[in-house]
Amino acid sequence: MKNQPLVLVADDEPRITKLVAITLNDEGFRVVTAGGGEEALRKAEEMRPDIVLLDVVMPDLDGIEVMRQLREWRPVPVILLTAKGSTADKAKGLDELAARVRAVLRRAAGIAPGAGVLTIGNVQIDLERRMMTRDGQLVQLSRTEWLLLQHLAANAGKVVLHSELLTKVWGPEYRDDLQYLRVWISRVRRKLGAAPGEPGPIVTFQGIGYVLYVDQAKPLEAPHEPLEIGDAAAADNGS
């Protein structure tokens, strides 16, 4: 599925990148590979992976420098494969790699272990399996739609700021592009089953952000101290 995590693996040993790619593909991840640090940076900019796996020792740019440059560009989780291990040592770690990748992705998304399934009427959002169903039928989501929904669902019942959503999904360079966010929020609302012109479970707090209400989340009342956003936090039905 398009919304399954995209993993970028960078290592100058082709055998290792192949083994890692096969292992993660078998576990349901989408994988792209790079043979060095420079290529990893190019592919990260082009493909915007959910997580990057880096060998520390590479001939052009080492993994530490690649990680530093990635974090200047946009927040992306990074796992360092090894410092100075042999090919055999790296291969031994593959058994636990998928679990480690999932754990890092959960932390990066703010999803608590065992978060399980959120219910919104006839819609269910499975944060662990990265899928959504409506009336028991799988709903196809693009990667961007899923990332937006995931971040709202991980913070169900809480207002998520515009800038936070834009930064998490598209990167800091988009943090002020509110019209872009409105277009994608509208698409997610339709996938959740909201009628045209209706907000459905994603409610707008004008000039502030959005909140996703789920059956387990207590609806927000008057904004007391949890919001700390002042009297302007009046919800409406707009985008």
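Taking the conditions (1) surrounded by fewer than 17 Cβ atoms within 10 Å (Cβ to Cβ); (2) modelled with pLDDT of 90 or more; (3) of a type outside the set (Lys, Arg); (4) more than 27 Å from Glu128 (Cβ to Cβ) in turn, Asp55 satisfies each one other than (1). Only a single item in (1) modelled with pLDDT of 95 or more; (2) crowded, with 21+ Cβ neighbours inside 10 Å; (3) over 16 Å from Val104 (Cα atoms) is not met by Leu8, and it is number (3).
Restricted to the stretch 157-180, and to residues there that are over 18 Å from Leu105 (Cβ atoms) and of a type in the set (Gly, Ala, Ser), the residue that is surrounded by the fewest Cβ atoms within 10 Å (Cβ to Cβ) is Gly157. Of the listed requirements (1) among the polar types (S, T, N, Q); (2) in contact with a Leu (Cβ under 9 Å, 6 or more places away or on another chain); (3) surrounded by fewer than 16 Cβ atoms within 10 Å (Cβ to Cβ), Gln150 misses just one: (3). Taking helices (runs of 4 or more DSSP H) as the structural unit, those lying wholly within the stretch 140-220 and holding at least 1 residues that are free of Cβ contacts under 8 Å to residues at least 60 places away in the same chain, closer than 16 Å to Ile120 by Cβ and not small (Gly, Ala, Ser) correspond to 143-154, 178-191. Screening Gln124 on (1) at pLDDT 90 or above; (2) touching a helix residue (DSSP H, G or I) at 6+ places or on another chain (Cβ under 9 Å); (3) polar (S, T, N, Q) shows it passes everything except condition (2).
One residue stands out among those in the stretch 139-175 that are touching a helix residue (DSSP H, G or I) at 6+ places or on another chain (Cβ under 7 Å) and among the charged types (D, E, K, R): the one that is modelled with the highest pLDDT, which is Glu145. Filtered by the rule that a residue be part of a loop (DSSP other than H, G, I, E, B) and within 16 Å of Leu97 (Cα to Cα), the stretch 28-55 gives Gly28, Phe29, Asp50, Asp55. Only residues that are of a type outside the set (D, E, K, R) and in contact with a His (Cβ under 9 Å, 6 or more places away or on another chain): list them for the stretch 123-167, please. The answer is Val160, Leu165.
The values are calculated or read from the model by the stated rules, or taken from the named source; none is laboratory data. Bear in mind the structure is a predicted one, so any value in this text is a computation, not a measurement. FYI the Cβ positions are ideal-geometry reconstructions off the backbone, even for glycines, and counts take in every protein chain you see.
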